[in-house]
1. Looking at residue 63, is it closer than 19 Å to residue 86 by Cβ, surrounded by fewer than 24 Cβ atoms within 10 Å (Cβ to Cβ), touching a residue at least 24 places away in the same chain (Cβ under 8 Å) and within 10 Å of the ligand (Cβ to nearest atom)?
2. Report, by residue number, each residue of the range 29-54 that is buried (at least 17 other Cβ atoms within 10 Å of the Cβ), of a type in the set (D, E, K, R) and away from the ligand (no atom under 11 Å from the Cβ).
3. Which one of these is surrounded by 18 or more Cβ atoms within 10 Å (Cβ to Cβ), of a type in the set (S, T, N, Q) and out of contact with any Ser or Thr (no Cβ under 9 Å at 6 or more places or on another chain): 81, 71, 94?
4. Can you tell which of 2, 26, 14 is surrounded by 24 or more Cβ atoms within 10 Å (Cβ to Cβ) and either modelled with pLDDT under 95 or not hydrophobic (A, V, I, L, M, F, W, C) (or both)?
5. If residue 85 satisfies every condition in (1) in a helix (DSSP H, G or I); (2) more than 13 Å from the ligand (Cβ to nearest atom); (3) not hydrophobic (A, V, I, L, M, F, W, C) but one, which is the exception?
6. Exactly one of (1) closer than 24 Å to residue 97 by Cα; (2) touching a helix residue (DSSP H, G or I) at 6+ places or on another chain (Cβ under 8 Å); (3) not hydrophobic (A, V, I, L, M, F, W, C) is unmet by residue 31. Its number?
7. Search the range 1-28 for residues being hydroxyl-bearing (Ser, Thr, Tyr) and part of a loop (DSSP other than H, G, I, E, B), and hand back the single one that is nearest to the ligand (Cβ to nearest atom).
8. What is the residue count in the range 199-220 for residues that are within 18 Å of residue 160 (Cβ to Cβ), out of contact with any Gly (no Cβ under 9 Å at 6 or more places or on another chain) and not polar (S, T, N, Q)?
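The values are calculated or read from the model by the stated rules, or taken from the named source; none is laboratory data. Quick caveat, the model's predicted, so the values are computed rather than measured. Note: ideal-geometry Cβ built from the backbone for every residue, glycine included; neighbour counts use all protein chains shown.
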Amino acid sequence: MTAHSMAGQAVIVTGGGQGLGRAFATRFAAEGLSVLVADIRHEAADAVAAEITAAGGTARAMHVDVTDEPSCRAMCEAALSAFGRLDILVNNASIFSTLKMRPFTEIPTEEWRQVIDVNLTGVFLASRAAVPAMKEAGRGRIVNIASAVVPMGRPNYLHYVSSKAGVIGMTRGMARELGGWNITVNAVLPGATDTEIPRETVSPEQRATLIASRSIQRPGTPDDLTGVVRFFASEDSSFVTGQSLVVDGGTVFL
Ligand SMILES: NC(=O)c1ccc[n+]([C@@H]2O[C@H](COP(=O)([O-])OP(=O)(O)OC[C@H]3O[C@@H](n4cnc5c(N)ncnc54)[C@H](O)[C@@H]3O)[C@@H](O)[C@H]2O)c1
């Protein structure tokens with residue numbers, strides 16, 4: 001049996017304006033899906049949508065703040081009105097590459113709240129906005145981008161680790177609530193993955209140590225993740241829900 005084609009389906013990628021979100025958006029577009037690139041930085045979303053369109057794909061860009069409920073609702077309405085359907089939501093938006101690593105005793109409370117708001121509440125709000133259309137269709141896929149820092153218990157990132165642990169819990173609870181409509185909810189837990197965005201928070205020494213801790217000792221790339229996200233978004237995973245899959249070159253084992 002060949003892989004199921006996903007052409008013609010519609011996907012929203014939050015935080016699609018750069019990095020991994022951009023890689024997910026371009027991969028889906030290359031497979032013939034219509035993509036709504038949603039990002040708080042409209043120009044970045046625009047650039048990714050333009051890149052997709054120039055390559056012959058179908059994409060729309062939208063300014064979306066996942067911490068804002070009306071904005072999440074408008075995002076799903078825009079996908080439905082542009083593409084006539086909403087099959088897949090990839091909850092990828094996050095405060096991540098801009099975070100400074102520091103002991104939790106030094107994390108400003110306001111920064112803690114912001115990270116929880118975007119990385120955890122944002123997944124709740126975007127999912128809640130997408131679910132009515134999926135329930136009506138009797139099918140849907142929610143793919144949450146969590147992180148391998150949770151099973152690793154990585155230090156100096158406590159707000160980030162806590163937010164992603166929350167996403168894993170939410171994935172499980174939401175999977176139970178949505179199974180009756182054939183909506184699956186799964187989490188992908190990437191290890192450190194290089195993107196086009198430089199990450200000043202990780203020193204060259206830390207990076208070398210991370211790579212040495214892997215079973216497959218090389219840097220992670222967006223291409224290591226796009227196929228895994230595609231799997232959870234596709235028919236091939238129709239009996240898989242509530243799961244967390246670590247994609248870190250074999251550093252931690254769940
Ligand atoms: N790259 C890695 O090493 C790595 C490892 C583990 C997990 N992750 C996770 O993968 C995802 C993507 O990572 P990345 O490296 O591309 O991160 P990134 O920081 O480069 O990109 C995050 C994107 O989210 C957008 N965003 C931030 N706040 C938003 C909001 N309120 N509403 C909408 N969009 C918002 C940003 O504008 C940006 O385009 C994130 O969830 C991240 O936590 C990344």
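1. yes
2. Within the range 29-54, 31, 46 qualify.
3. Of 81, 71, 94, the one residue that is surrounded by 18 or more Cβ atoms within 10 Å (Cβ to Cβ), of a type in the set (S, T, N, Q) and out of contact with any Ser or Thr (no Cβ under 9 Å at 6 or more places or on another chain) is 71.
4. Within the list 2, 26, 14, the selection yields 14.
5. The number of the failed condition is (1).
6. (1)
7. 5
8. Residues in the range 199-220 being within 18 Å of residue 160 (Cβ to Cβ), out of contact with any Gly (no Cβ under 9 Å at 6 or more places or on another chain) and not polar (S, T, N, Q): 4 in total.
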